[in-house]
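The values are calculated or read from the model by the stated rules, or taken from the named source; none is laboratory data. In this text the structure is predicted, and so the values were computed from the model without any measurement. Backbone-built Cβ (ideal geometry, glycine too); neighbour counts: all protein chains shown.
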Amino acid sequence: MKYCSVTCQQRDAAQHSMLCSTFQDFQERPSPNHFRSIYFPVDELNPRFIWLRMMGTRGSHVVDDEDLSQYVSGNQSGGICTSSHYGITPEREYKTMIVVQHDGNMFGNFQVVNWCLLYLLGPEAHRWRGGYVGHGYKYSTVTDPDDYDDTDAKDSDDPLIAVDLDTTSLGPLIAYF
């Protein structure tokens, strides 16, 4: 991981180490349809990597709801997205779009407070309830079809090409919450 300064590296050390130690165990995917994602469990203090199964083909990947249900209960929704800095310094755009799956009706479904987010963020995290899974896509929007890789679907304005998240994805996720 590259940092803009020693100060930023030191400030990020605690968050980075909680996920980094598990990264080496997530190099071999169970199938071509599984992508490395970050799970924020309800009843654990640290986020962890998981393999999340996607359905569809390259260019039209969508989350497999059955696989997601073991991490996110209730009304599964991917309503939180990030493709830019959201308060991270220095401000920068990301090459991937990160989508966070959660229960879209977390209060109506009486989800419990997410202890992982509470531990990471402090008391303001009481509003985040239930489990959360962050996963990535290669593009959010490409206006010029010539910008697609040769293997990408060129017949879609918004191709959904799943990608693996890594340790550098934790910072943008935490900053968004």
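Tabulated values for the structure
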read-out: Of all residues making up region 14-50, the number that are within 17 Å of LEU120 (Cβ to Cβ) and without any contact (Cβ under 8 Å) to a residue 24 or more places away in the chain; value: 3
read-out: Verdict on LEU45 being at pLDDT 80 or above, of a type in the set (A, V, I, L, M), surrounded by 13 or more Cβ atoms within 10 Å (Cβ to Cβ) and under 18 Å from the mean Cα position of the chain (by Cα); value: no
